[in-house]
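Written out below as structure tokens is the structure these notes cover.
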Amino acid sequence: MHHSLEFKDLYYRYPNGQEALRGINLKITHGEHVALIGANGAGKSTLQLLTNGLLMPSSGEVIVGGVKLQPSTLRLIRQSVGLVFQDADNQLFMSTVEEDVAFGPRNLGLSEEEVSGRVIDALREVGAEHLLSKSPTQLSGGEKRRIAIATTLSMTPSILVMDEPTANLDPKSRRQLITLLRGFDHTLLLATHDMDLAAELCRRIVILSQGEIMADGSAEEIFLNKELLESCSLEQPYAYR
Amino acid sequence: MSRSLDKILFELEQVAQGHSSGLASTIDPRARTLVAIIFLFGLLSISLNDIGRIAIWALPLIFLALLCRVNYLSLLSRSLIVLPFVALIGLFDILHEREVVATLLGIRITQGWIMALAIMLRAIISVQAILLLILSTGINPICRALQGLGLPSLFVLQLMMVYRFLIIMIRQLQELMRAADSRSAAKSHYPLSLWAHLVGELLLRAVGRAKVINQAMKARLWDGRVPIFNDKSCWRWRETIFMILSITGIALMRYINLK
């Protein structure tokens, strides 16, 4: 499976009939780092949940690595798309870091030996091997975020989808996380309000507003267009002011 | 209120891993859990008419608390929380069994009173045994032990997640209480209507949290059939000797009548 992500004429309606996404057409190619920016309620989180099949499209298609999202392909797609939630407390539900990071690989049906290897590799990648036996309740915000990322990395996904990765992090933890994410060669879809993070990590920016794509272009193109950003209730990153 | 929630949170987080030291902490959690279960079966099988024999079952707990370096008085005070609930059950015996069995300082003691006291005593000792196991072993090792003893993974997962969820929900309650406290003009009590709002909000948050946690589990391919723990502990001679000694002690207490 290659590492592309595609949305074709995608619509999503909530059970109350409210339309969250309207006619999304977007293709993210192998290894691309894309920031999805937009005001609150623009549909960023909904779009992210659709990438993993946690929500199913009302109409249109989600295609992950050439495989169309449908009930029969759900397992394959969830294995390919690693979803990191905004609040790490929602992602860490097991009693120890080790068990939490091992949760996904065990669901893949791997042997205990392979699971242990995956756990160590994932924790090493996020620089958190020393937290192996800790309880998630004992971790700081930055550590929790690292472990949340490790829980998805242990499933060796080809695409990483992250929701507000720097929310509630102190400057040092934020910087450590940016350094970590810079080193990733995964295809990355990042939903964020943190314009500086988007500017640092992503060359391509997609603006979502009221469920529609308002703009899709290079970071320079988007971030230098002050008028566009303001019309979408966003602001320029410091680097572009 | 917020401060007492802090204390509860601290204790719950400590208990998750178990914080005891001492001789008993070197015994495999499976052996400890098994002994606790046998202890409870033994205690619950004693007739309610035999209040003296029930009381004796508190003695090994005092001894074990010492070995595990757990403060027995704090164990006792925590176990008294269940007293109002079991007293309600005992009340039915007081009303139903009115045969006088003794007279003490002119007060007629009925069979119902004896049975009610026995119910309360048995409940307190049972709760103490469970608390001692939790405090000396920790919830997570107990979950592993239960799985090691053959309890289906799904039940173990439920138990563990309820505990984890409890911590998350107390944090939520703490946030709500802080939000209320910050605008309470230093009032020490809230009207009942505010409590109704807080409880309602907490329930809504609980549902919201549960939904997102479920999504996080499904995102990592959870289908409800997960081998949740990789149990690395091993059964040694030490555990076998501990089991033999404990079961012998329990059997002696259960079957030997000193009368």
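For the segment A:94-103, counting C-beta atoms of other chains within 10 Å of every residue's C-beta and taking the mean gives 5. Per residue, the convex hull spanned by the Cα atoms of the protein assembly as shown measures out at 203 cubic angstrom. Of the trypsin sites (Lys or Arg not before Pro) in the range B:26-126, the ones in a loop by DSSP (not H, G, I, E or B) with at most 12 other beta carbons within 10 Å are B:Arg98. Along the charge dipole of the range B:153-225, Cβ charges K/R +1 and D/E -1, which of B:Leu157, B:Leu202, B:His189 sits furthest on the positive end? Selected residue: B:Leu157. In the protein assembly as shown, the DSSP-assigned H stretches of four residues or longer account for a calculated mean residue ellipticity at 222 nm of -17000 deg cm²/dmol, using -39500 (n - 2.57) per stretch and the full residue count as denominator. For B:Leu91, the shell of other residues with beta-carbons less than 15 Å away shows a net charge of -1, using +1 for Lys and Arg and -1 for Asp and Glu.
The range A:1-80 and the range A:154-172 have Cα centres separated by 18 Å. In a DSSP loop and with at most 12 other Cβ atoms within 10 Å, there are no chymotrypsin sites (Phe, Trp or Tyr not before Pro) in the range B:30-73. Shown here for the range A:160-241: GluC sites (Glu not before Pro) in loop regions (DSSP other than H, G, I, E, B) with at most 15 other Cβ atoms within 10 Å, namely A:Glu235.
Going by a ≥ b ≥ c, the root eigenvalues of the Cα gyration tensor, does chain B fall in the rounded group (a/c under 1.5), the prolate group (a/b larger than b/c) or the oblate group? In terms of gyration-tensor shape, oblate. Cβ crowding within 10 Å, taken as a proxy for footprinting-reagent exposure, orders A:Tyr240, A:Tyr14, B:Tyr255 from fewest neighbours to most as B:Tyr255, A:Tyr14, A:Tyr240. Positive contributions from Lys and Arg (+1) and negative ones from Asp and Glu (-1), summed over other residues with Cβ under 13 Å from the Cβ of A:Asn52, come out at +3. Coupling constants for the range B:35-41 follow from the phi torsions by the Karplus curve (6.51 cos²θ - 1.76 cosθ + 1.60, θ = phi - 60°), and in residue order they are 5, 4, 5, 5, 4, 5, 4 Hz; glycine and proline get x.
Read-outs: derived from the displayed coordinates by stated rules, not from any lab. Please read these numbers as outputs of a predicted model, since none were measured by experiment. Because the Cβ atoms are built from the backbone with ideal geometry, glycine has one as well, and the counts that use them run over all protein chains shown.
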